[in-house]
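The values are calculated or read from the model by the stated rules, or taken from the named source; none is laboratory data. Predicted model, so just to flag it, every value in this text is computed and none were measured. Cβ sites come from the backbone with ideal geometry, for glycine too, and all protein chains shown count toward neighbours. Please note that ligands, DNA and RNA were not included when accessible areas were found on the heavy atoms of the full protein model with its side chains. Shrake-Rupley method; radii C 1.70, N 1.55, O 1.52, S 1.80 Å.
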Amino acid sequence: MLQLPPAEPGMREDEVDTPALILDLDAFEANLDTMAALLKPTGAKLRAHAKTHKSAVIARLQMQRGAVGQCVQKVGEAEALAQAGINDILVSNEVVEPRKLKRLAALSSIARVQLCADDPAAIPPIEAAAEAAGIRLSVLVEIEVGAKRCGLEPGAPAAELAARIAGSKHLTFGGLQAYYGSAQHKRQPEERRQAIAFAAGCVEQTLDALKTRGLDCPIIGGGGTGTFAHEAASGLWNEIQAGSYAFMDADYARNVEPPPFRQSLFILAQVMSAPKGTGRAVVDVGHKAAPVDSGYPLVAGRPDLAYVGASDEHGVIEAKDGPLPVLGEKLRLVPAHCDPTVDRYDWYVGVRKGRVECLWPVTARGLMT
Ligand code: PLP
Ligand code: MN
């Protein structure tokens with residue numbers, strides 16, 4: 001059930017009900033502009049990842065600034081965005097279940113949709129879905145570039161799969177998916193540079209093998225918030241898939257030489273208990289309101305306060321020095337990891353200069369299939 005929004009336009013931020021997902025609009029817009037400006041001279045285009053924001057409004061704002069489309073990870077996200085008018089969507093992920101493929105193929109009537117494959121055995125069900133829908137589906141071949149997640153071996157095996165796709169009556173070969181996820185949070189800049197240099201070698205090797213077979217490679221997609229500058233500068237990747245850049249999070253901020261974006265996403269929490277003499281205050285943001293896979297949230301602008309423990313619905317705040325927040329006080333928390341944070345909320349509360357300006361639905365919240 002979609003909850004009623006926790007705020008109304010015109011309210012002060014401290015009147016917003018909690019827990020709430022706050023979007024600092026000045027910082028957010030600056031991030032979108034910064035990414036557009038950084039990519040412009042490289043010639044690489046942004047195909048922003050909607051797994052982060054799950055929002056048709058934000059997708060549109062990114063595309064108004066030059067993004068060629070959106071990436072999603074799930075067919076449900078593709079449906080939500082396509083139905084909201086986003087017309088160019090890449091599922092940057094493998095889809096093998098026929099029920100899902102049928103849904104994806106059906107979307108072709110309202111949007112350009114593409115997906116990835118990394119196995120010849122995955123092709124027949126994709127072909128069958130395209131044939132049944134009476135369309136041609138574009139399929140990218142995902143190659144392993146170092147992340148040890150999805151992706152088949154670069155070079156000849158990848159080119160062989162591309163040829164299989166290109167030879168199908170119901171499919172077209174869309175290009176290569178070359179995303180190095182675990183490179184994004186390598187802490188040292190030199191580690192990130194080396195990781196993407198390795199990935200570039202994998203891409204080049206595959207391009208050579210495609211050439212041997214006379215196959216063009218329209219898209220080379222990859223790059224996230226931690227490494228996109230390397231992919232964009234390489235002259236190889238032409239679609240950058242960064243998502244978190246719009247919001248940032250405490251984990252990205254821990255990278256040495258962090259990405260050049262501002263923290264725009266916050267969780268508004270309220271002190272619901274401040275037991276006297278215990279040295280702690282308890283807020284209404286626990287596991288269900290903030291993911292802890294990348295550590296605890298930080299208290300924004302309050303280095304004197306630390307979020308030190310979470311249970312389902314509670315977060316424990318301690319003061320390193322100075323006073324604790326008082327009962328009823330509201331605190332902005334910086335999420336440790338933005339993507340799973342957003343998925344816990346129905347609404348973005350857009351705030352500018354202390355006032356609520358807009359409420360945007362998290363269009364694709366919870367759509368896992
Ligand atoms: N592309 C793919 C395939 C991803 O899986 C992800 C995130 O995991 C991204 C792009 C975007 O990464 P980030 O949000 O770190 O920019
Ligand atoms: Mn993430």
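Listed conditions (1) open to solvent by less than 60 Å² (accessible area, probe 1.4 Å); (2) over 18 Å from residue 339 (Cα atoms) are all met by residue 301, apart from (1). If you take the residues in region 308-322 that are under 31 Å from the mean Cα position of the chain (by Cα) and of a type in the set (A, V, I, L, M), which one is most open to solvent (accessible area, probe 1.4 Å)? Across region 308-322, the extreme among qualifying residues is 308.
Is it the case that residue 124 is under 23 Å from residue 242 (Cβ atoms) and more than 23 Å from the chain's Cα centre (by Cα)?
No: the conditions fail for residue 124.
Those helices (runs of 4 or more DSSP H) of region 139-249 in which at least 1 residues are surrounded by 19 or more Cβ atoms within 10 Å (Cβ to Cβ) and within 16 Å of ligand 2 (Cβ to nearest atom), considering only elements entirely within it, cover 189-212, 228-233. Among residues that are open to solvent by 20 Å² or more (accessible area, probe 1.4 Å) and either touching a helix residue (DSSP H, G or I) at 6+ places or on another chain (Cβ under 9 Å) or within 22 Å of residue 29 (Cα to Cα) (or both), residue 294 is included.
Checked against (1) among the small types (Gly, Ala, Ser); (2) surrounded by 18 or more Cβ atoms within 10 Å (Cβ to Cβ); (3) at positive phi, residue 134 meets all criteria but (2). Which of the residues belonging to region 190-225 are farther than 18 Å from residue 144 by Cα and within 15 Å of ligand 1 (Cβ to nearest atom)? Across region 190-225, the qualifying residue is only 225.
Rundown of residues vs (1) within 30 Å of residue 193 (Cβ to Cβ); (2) assigned by TED's automatic domain parsing to the domain that holds residue 33, yes/no style:
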site	(1), (2)
233	yes, yes
239	yes, yes
255	yes, no
269	no, no
276	no, no
290	no, no
295	yes, no
298	yes, no
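Assess whether residue 262 counts as being under 23 Å from residue 51 (Cα atoms), more than 13 Å from ligand 1 (Cβ to nearest atom) and either outside the structural domain of residue 32 (by TED's automatic domain parsing) or open to solvent by 40 Å² or more (accessible area, probe 1.4 Å) (or both). Judged against the criteria, residue 262 is a match.
Of the residues making up region 340-369, those that are under 14 Å from the mean Cα position of the chain (by Cα), aliphatic (A, V, I, L, M) and under 23 Å from residue 26 (Cβ atoms) are 342, 362. Of all residues in region 157-175, those that are assigned by TED's automatic domain parsing to the domain that holds residue 202 have Cβ atoms under 8 Å from Cβ atoms of residues that are open to solvent by 50 Å² or more (accessible area, probe 1.4 Å) and hydroxyl-bearing (Ser, Thr, Tyr), 6 or more apart or on another chain, in 159/212; 165/172; 166/172.
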